[in-house]
Amino acid sequence: DKIPFSKKTIQHRKSIFDIELEPNQKIQGYIHLKSDGEVVMLPMRLYQENSFFVLTYKEQVFYGFFYGILILACLIYLFFFFALKDKAFVYYAFYVLFIALMQFSLDGFFHQYFTPQGGWLSNRAVLLTAFISLFFFGKYGDTFLNLKENSPVLHKTNKVLSFAIIIGVAVLALSPSFEYCYPLANAIGILVILHMIASIVVMKIKNHKVDSYFIIGISFLVLGFIVFILNNFNTIPNSFFTDNGAKFG
């Protein structure tokens, strides 16, 4: 994904290579793997050309459904914000938007459609959208749960996490080498989710009402995040479901 999309061996969002084999022919190949800091995964699969493109068409339906829902949610919550002037709605709308862009980058669509020539933004798209989505997720939870009044300590902790995210974005933007930004983003992501869980627990202990749909939503988000991490470290079988665990969450 560091080369122009038009120069890929096969112009597809995934890394696809065309291998021609005669009956009973044996070949030996070597692959040089180099990471920019992200976990190295190599779910190498061999497909016949027709079956691969049939699979691609089926995946497109799922991706269209997924991205369509997120864009619709973003637009609806922006309407809610302009109608009700509640900042929680605009924070949620931007969180959903940047989560969609992060998944768009992970799936290879960002490189294909937005940055087909590669370059600075293409290389940093996943991390940049991840940091920004975490920022708005934290702001949304803080505002929705009204932590400023209900738990000043957690409110201040959220401000510290937001500042850490801003530092992460600055490092990503200014540093020519950003290998350490992936573990940094993952660490901050885990802390933001733990902060959200802690906030819900504290609210419950203090007998403040927390919307049940909010709790259910956070639970599925955490479940999807766990599947995503386990899949990254190859501790669970690689499949369509585990590949897209974060999307389902």
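Annotations for the structure displayed:
- On Cα atoms only, tilt of 152-174 relative to the major axis of the chain in degrees: 30
- Take every Cα pair under 8 Å whose residues are at least 6 apart in sequence, average their separation, divide by the length of the chain, and the relative contact order is 19 percent.
- Between amide H atoms placed 1.01 Å from N, distances below 5 Å from Asp107 occur with no residue 5 or more places distant or on a separate chain.
- Extent along the principal axes, Cα only, for the chain: 71, 37, 36 Å, with the longest axis given first.
- Accessible surface of the chain, 1.4 Å probe: 66 percent of it comes from carbon and sulfur atoms.
- Each Cα pair under 8 Å and six or more residues apart adds its sequence gap; the mean of these over the residue count of region 17-140 is a relative contact order of 20 percent.
- GNM flexibility winner over the chain from Tyr63, Tyr47, Tyr91 (Cα, springs under 10 Å): Tyr47
- Based on Cα contacts under 8 Å between residues 6+ apart, region 69-171 shows a relative contact order of 25 percent.
- Full extension of the chain between Ile3 and Tyr57 gives 17.0 nm of extra length, using 0.36 nm per residue less the Cα-Cα distance.
- Point-to-point label distance, Asp211-Asn50, nm (Cα→Cβ direction, 7 Å offset): 5.0
- Bridging of Lys148 to lysines at a Cα separation below 30 Å is possible for Lys85, Lys87, Lys139, Lys156, Lys159, Lys204, Lys206, Lys209, once same-chain residues fewer than 8 apart are set aside.
- In whole angstrom, region 177-225 maps to an equivalent ellipsoid with semi-axes of 28, 12, 6, each derived as √(5λ) from the alpha carbon gyration tensor and ordered largest first.
- Rounded to 10°, Cα long-axis angle of helix 120-144 versus longest principal axis of the chain: 30
- Degrees separating the helix 181-205 axis from the principal Cα axis of the chain, which is the longest one: 40
- Each of Ile69 and Glu20 was given a label point 7 Å from its Cα along the Cα-to-Cβ line. The distance between the two points is 4.3 nm.
- Springs between Cα atoms under 10 Å define the GNM used for the chain, and in it the highest mean-square fluctuation of Asn50, Asn146, Asn232 occurs at Asn50.
- Per residue value of the accessible surface for the chain (all protein chains in place, 1.4 Å probe), Å²: 63
- The residue list Gln25, Asn231, Leu184 was ranked by how far each Cα lies along the charge dipole of the chain toward its positive end, using unit charges on Cβ atoms, and Leu184 comes out on top.
- Pairwise label distance in nanometres, Leu221 with Lys87, each label 7 Å out on the Cα-Cβ vector: 1.7
- Cα-based shape type of region 163-249, given that a ≥ b ≥ c are square roots of the gyration tensor eigenvalues and the cut on a/c is 1.5: oblate
The values are calculated or read from the model by the stated rules, or taken from the named source; none is laboratory data. Just so we're clear, the structure is a prediction, and the values are computed from it rather than from any experiment. Note that we place each Cβ from the backbone using ideal geometry, even for glycine, and neighbour counts take in every protein chain shown. To get the accessible areas, we keep the full protein, side chains included, count just its heavy atoms, and leave off ligands, DNA and RNA. Shrake-Rupley method; radii C 1.70, N 1.55, O 1.52, S 1.80 Å.
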